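The values are calculated or read from the model by the stated rules, or taken from the named source; none is laboratory data. Source: prediction; values computed, not measured. Every residue, glycine as well, gets a Cβ built from its backbone with ideal geometry; the counts of neighbours run over all protein chains shown. For the accessible areas, the whole protein counts, side chains as well, though only heavy atoms, and no ligand, DNA or RNA atoms are used. Shrake-Rupley method; radii C 1.70, N 1.55, O 1.52, S 1.80 Å.
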Amino acid sequence: MQKIGIGLAGLGTVGTGVYRSLMQNNLLLTERVGLELEIRRIAVRNLSAPRSVQPAPGILSDRWETVVDDPNVGIVVELIGGIDLPFALFQRALKAGKPVITGNKALLAEKGAQIFELAADVNVPVFFEAAVAGGIPIIKSIREGFIGNHLQAIHAILNGTSNYILSRMTEAGIDFPEALQEAQANGYAEADPTLDINGWDAAHKAIILASLAYGFWVDSRLVHVEGIEKVSAADIRFAQDLGYRIKLVATIRADSNSSIEVRVNPTLVPQGHVLAPVNGVFNALMVRGDIVGDTLFYGRGAGQDPTASAVISDLAQAAIWIDSGGKAFGFTPHGLYGKCLPIDDLVSGFYLRLTVDDRPGVLAQVAGILGTHDIGISSVIQPETHDATAVPLVLMIHNAPFGRMRAALEEIKRLACVKGPAILLWILS
Ligand code: HSE
């Protein structure tokens, strides 16, 4: 049976998971793929660091170039992280005719256009199942399973850390800083959770999904991204009273003119929606195709084993590509798309929480400004409070373009009766 050599660049959490899982299920994989997959080279940063797996002597190197250049390595797995170094690795490996596998969402979101152009030029595939939603096979589903569909919309929970934090805020009624501390103490949040919390980890994944779904590489500067820091326990309670859960949702969809919308926001999800009960560190995606209708994917979006499972599925595909000399499902430009809608043109319902003076005429002033911008209110909550100075005022806003909503909000914030920050959240529709 033909053997295919694998080179791993990186033996951290995911690399160790790939190594261990390949050892554990090697026979199963060999039977299913019809080829033997063998790790022949591993690049590590520090040769003498302690590790939980013990590769054979001579396999390790502290230079990633050794892995890429080794003639016995046919497939390169990039698990280094960062942008510049893995980008250099991609260029070297693809030019050498070696398929590359990665889980590096930031790299693909920033350099995807260049990487896929090179891959097409040299006719060598790139695989990245691990880059979006960890163990959920969403990349293969979009590339292959939905190949006969126009994808109308994807609504997705793509960041486990923020979903865990929002779930804990909902269950325990705690505020964001306490829930973040809890996530860190339980090992769910990264040491530096900035990209999880500010929405950019989910946005990188949304850019990859949007690019695959709509056939042009989406420019990250056109993506509207908001994080979960501004959500408070009070917002979660008000949302619950109104029949919603708050989730960090990536929205990716096309309008009837083939312009696309890509955004990530803390979003009010109706309690009956399939994404509403997705709690804890889990990810989920609702994908709507014109032929298939609605589909739902659910699973772990991070962690050693789910991510290793995704990398191994890519290894199988890369090995089959080598063996058959065949065509891989790559990033193929297609469709009429090519344009992202400006954020101000995106239409949504909104939740607006203000803190206002508790005196006659305040609601009329706020409603008046919304009215002059042609924005309708669908409901209002103003709970009784014993704090005579300021009260929360929550407004649910009918569908309106974000640009108009933003302009109205700027005016509302300037009213003398409005105290403190205004919280504006999007409603899933
Ligand atoms: N930190 C991410 C998450 C996983 O919490 O989902 C890696 O993208």
Subject >> Restricting segment 346-429 to trypsin sites (Lys or Arg not before Pro) in coil, as DSSP defines it, with at most 11 other Cβ within 10 Å >> reply: Arg414
**OP:** Quick one: angle between helix 84-95 and the longest Cα principal axis of the chain, in degrees between 0 and 90, rounded to 10, please.
**Re:** 50
Original post:
Looking only at Val262, Val100, Val362, which one moves most when the chain is put into a Gaussian network model with springs between Cα atoms under 10 Å?
Top reply: Val362
Subject >> Charge dipole of segment 345-427 about the Cα centre (unit charges at C-beta), most positive-ward option of Val362, Ala407, Ile427 >> reply: Ala407
Original post:
Can you give the extra length, in nm with one decimal, that the chain gains between Ala185 and Arg221 once fully stretched, where that is 0.36 nm per residue apart less the Cα-Cα distance?
Top reply: 9.6 nm
Subject >> Inter-label distance, nm, simple model (7 Å from Cα along the C-beta direction), Glu65/Ala364 >> reply: 7.7
Original post:
What's the center-to-center distance, using Cα atoms, between segment 240-299 and segment 300-362 in Å?
Top reply: 11
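Quick check: net charge around Ala276, other residues with Cβ under 14 Å of its Cβ, Lys/Arg +1 and Asp/Glu -1?
Residues near Ala276 contribute +1 overall.
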Original post:
For Ile6, what is the net charge nearby, where nearby means another residue's Cβ is under 15 Å from its Cβ and Lys, Arg count +1, Asp, Glu -1?
Top reply: -2
Original post:
Roughly how many whole Å is it from the C-alpha centroid of segment 144-209 to that of segment 379-415?
Top reply: 27
Subject >> Descending semi-axes in whole angstrom, ellipsoid equivalent of segment 139-300, from the Cα gyration tensor >> reply: 28, 17, 14
**OP:** Compare the Cα positions of Pro266, Gly215, Val292 along the charge dipole of segment 139-300 (+1 at Cβ of Lys, Arg; -1 at Cβ of Asp, Glu; about the Cα centre) and return the one farthest towards the positive end.
**Re:** Val292
Subject >> Helix-only CD estimate at 222 nm, as mean residue ellipticity for the chain, using -39500 (n - 2.57) per DSSP H run (n ≥ 4) >> reply: -11000 deg cm²/dmol
Subject >> Segment Asp344-Lys230, length gained on full extension (0.36 nm per residue, minus Cα span) >> reply: 39.0 nm
Subject >> Antiparallel %, DSSP beta bridges [both residues in the chain], to 5 >> reply: 70
**OP:** Measure nothing fancy, just the Cα-based angle from helix 200-214's long axis to the longest principal axis of the chain, in degrees from 0 to 90, nearest 10.
**Re:** 70
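Quick check of the Kirkwood formula: for the chain, what is the inverse mean of 1/r over all pairs of different Cα atoms, in Å?
Averaging 1/r across every pair of different Cα atoms and inverting gives 23.2 Å.
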**OP:** Kindly state, to the nearest 0.05, the FRET efficiency for His386 paired with Ser141, given R0 = 60 Å and r defined as their beta-carbon distance.
**Re:** 0.70
**OP:** Give, as a single signed number, the net charge of other residues whose beta carbon lies under 14 Å from the beta carbon of His155, with Lys and Arg counted +1 and Asp and Glu -1.
**Re:** +4
Subject >> Accessible area of the chain divided out per residue, in Å², using a probe of 1.4 angstrom >> reply: 42
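Taking the Cα centre as origin and putting +1 on Lys and Arg beta-carbons and -1 on Asp and Glu beta-carbons, what dipole magnitude results for segment 60-199, to the nearest 20 debye? Don't jump to the answer; show the numbers that get you there.
Working: 9 positive and 18 negative charges, 107 e Å.
Computed charge dipole of segment 60-199: roughly 520 debye.
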**OP:** At most 10 other Cβ atoms within 10 Å and a DSSP loop assignment: could you name the trypsin sites (Lys or Arg not before Pro) in segment 266-341 that fit?
**Re:** Lys327
**OP:** Please determine, in degrees from 0 to 90 and to the nearest 10, the orientation of helix 13-24 with respect to the longest principal axis defined by the Cα atoms of the chain, where the helix direction is its Cα long axis.
**Re:** 50
